[in-house]
Amino acid sequence: MKVIAVVGMTGSGKSEVARMFNENGFAMVRFGDVTDEELKKQGLELTEENERPVREAFRKKHGMTAYAILNLPRIDAALKTSDVVVDGLYSWEEYTHLKEYYGDSMVIVAVYSSPKIRYTRLGSRKVRPLTAEEAESRDHAEIENMNKGGPIVMADYTVINDYSYDDLKKQVEEIIRGLK
């Protein structure tokens, strides 16, 4: 069984790529569900303003491997029946934790999209929209505080999501074929 971790900056299309894997038979584990569940538990709205402190609190409590640790039982449970795609692995520490745990069964797929395109997408999305300033601030926080660059650089595959949906889909389908 394989664990495919989809990495990239906010708005790059990680969730779309993970959905494509899911449509091809991979069970999906979204790391951000842990944040969403905590916000609901606290009665808070799903906004960047509320999400960031929750993400940072998890990492303060559990270290930079927080999301890997919190989601490991969900990944292992899903692996009992199928390959798994993970949406939202962020930090270098999460990457190394999961890579040590899953070894060669773990494959990293990076999704790249230029900041200009990502910021436009983020401003128009229906759930958790961000202004260009909020998106840039989040980029800086993720790179500087959450060590997000390392897993992107260590990707086994990189897809470029600056063009059409069909182009993105072709790239992902090629990766899926290569994994079989």
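FYI, it's all coordinate maths here, none of it is from the lab. No experiment lies behind these values; they were computed from the predicted model shown. Counting neighbours? That spans all protein chains shown, and the Cβs are built from the backbone with ideal geometry, glycine included.
Summary table below
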| read-out | value |
| --- | --- |
| Set E49, E93: member being surrounded by fewer than 18 Cβ atoms within 10 Å (Cβ to Cβ) and either among the acidic types (D, E) or closer than 19 Å to I143 by Cα (or both) | E49 |
| Qualifying residue in segment 134-151 (condition: under 18 Å from the mean Cα position of the chain (by Cα), surrounded by 15 or more Cβ atoms within 10 Å (Cβ to Cβ), closer than 28 Å to T65 by Cβ and of a type in the set (V, I, T)) | no |
| Test: residue in segment 79-101 that is assigned to a helix (DSSP H, G or I), in contact (Cβ under 8 Å) with a residue 60 or more places away in the chain and of a type in the set (A, V, I, L, M) | yes |
| Counted residues, segment 137-178 - those being assigned to a helix (DSSP H, G or I) and in contact with a strand residue (DSSP E or B) (Cβ under 7 Å, 6 or more places away or on another chain) | 6 |
| Close pairs (7 angstrom Cβ cut-off, 6 or more residues apart or separate chains): surrounded by 12 or more Cβ atoms within 10 Å (Cβ to Cβ) in segment 29-42, among the hydroxyl-bearing types (S, T, Y) and not in a loop (DSSP other than H, G, I, E, B) anywhere | F31/Y67; V34/Y67 |
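Residue by residue, here is whether (1) in a loop (DSSP other than H, G, I, E, B); (2) touching a Phe, Trp or Tyr at 6+ places or on another chain (Cβ under 8 Å); (3) surrounded by fewer than 16 Cβ atoms within 10 Å (Cβ to Cβ) holds:
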| residue | (1), (2), (3) |
| --- | --- |
| L44 | yes, no, yes |
| R55 | no, no, no |
| K116 | no, no, yes |
| V127 | yes, no, yes |
